[in-house]
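The structure under discussion appears below in the form of structure tokens.
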Amino acid sequence: MLVSAEEMLNKAKAGHYAVGQFNINNLEWTKSILLTAQEMKSPVILGVSEGAGKYMCGFKTVAAMVSAMVDSLGITVPVALHLDHGTYEGAKACIEAGFSSIMFDGSSLPIEENVEKTKELVAICKEKGISLEAEVGSIGGEEDGVVGAGECADPDECERVANLGVTMLAAGIGNIHGKYPDNWAGLSFETLDAIQQKTGKMPLVLHGGTGIPDDMIKKAIDLGVSKINVNTECQWAFQKATREYIMAGKDLEGKGFDPRKLLAPGAEAIKETVKEKIKLFGSDGKA
Ligand code: 13P
């Protein structure tokens, strides 16, 4: 059964660790992440961007696939199926489709509009027992075609949005989706600290988990981050292993062309990445 992310994140906040959100793209991705979370006895959040949802034939298909897979693989750790950077319409579609967690990203809207729409979704999600993530201050880099500059969120705006009754809050602290540029200034712990002081027990979300040095991840967790999103790093792991398989000519040997064989090294590589992250975030053994 899919669960809201509320309980797992409140536990993480209280226990000073973070739960990983790993984005999914297809059946192999989903299977690798679920099996690893189960092996590590860790709660897990499966992230689905609107683009990935479309690619996988729509949110209903995704919800049906994930629910069935949790069941047939015998997954007993808490699993939340979460819309990543959703629009208002996307959020409603995912609630309808059976997602157990939603992110409404109103960070590119004027703050008043972000507040209004978030408020409406808080009411709907509360009634259905679905967790809701809001965003203040845009995350840098590109996500589904929306490009953000990586600004730092205003702690007062964070307090205002946190008080609307959302489950968790994503706030920009200089983090960026995808590869960090060589001249990246690092996370702004000053901003994170100010946000944490204004938002109290609210679990904070760190997007752009790929490429953040381990010591920064640990410090962010110390300062109240309870959910960390990782996407690009799994893609790189999959790409590297698939490339090595083909470059070694293994697809040309015997039945190496069989998609089940061709996709296996990539799927194994994702497992390794997810395992490393779960250990780093400290959520192993917490399910
Ligand atoms: P990365 O692709 O940088 O890991 O970011 C993932 C993310 O934040 C999804 O919302």
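The values are calculated or read from the model by the stated rules, or taken from the named source; none is laboratory data. Since we're looking at a predicted model, the values are computed, not measured. Note that each Cβ is placed from the backbone with ideal geometry, even for glycine, and that neighbours are counted across all protein chains shown.
Given the criteria at pLDDT 95 or above and either within 16 Å of the ligand (Cβ to nearest atom) or touching a Ser or Thr at 6+ places or on another chain (Cβ under 7 Å) (or both), does Ile270 qualify?
So Ile270 passes the test.
Pairs, please: C-beta under 7 Å, at least 6 apart or cross-chain, first residue closer than 19 Å to Asn229 by Cα and in the stretch 182-211, second among the charged types (D, E, K, R) and away from the ligand (no atom under 16 Å from the Cβ)?
Within 7 Å, the pairs are Phe189/Lys219; Pro203/Lys13.
Quick check on the stretch 106-136: of everything there that is charged (D, E, K, R) and touching a residue at least 40 places away in the same chain (Cβ under 8 Å), which residue is nearest to Glu6 (Cα to Cα)?
Checked the stretch 106-136; the qualifying residue nearest to Glu6 (Cα to Cα) is Glu133.
Give the residue that is farthest from Gly282 (Cα to Cα), with candidates limited to residues of the stretch 196-210 that are exposed (fewer than 15 other Cβ atoms within 10 Å of the Cβ) and either of a type outside the set (Gly, Ala, Ser) or in contact with a Ser or Thr (Cβ under 8 Å, 6 or more places away or on another chain) (or both).
Looking at the filtered set, the residue picked out is Gln197.
Do any helices (runs of 4 or more DSSP H) entirely within the stretch 183-287 hold 1 or more residues that are closer than 24 Å to Glu133 by Cβ and touching a Cys at 6+ places or on another chain (Cβ under 9 Å), and if so, which?
Of the helices (runs of 4 or more DSSP H) lying wholly inside the stretch 183-287, those with at least 1 residues that are closer than 24 Å to Glu133 by Cβ and touching a Cys at 6+ places or on another chain (Cβ under 9 Å) span 189-199, 264-281.
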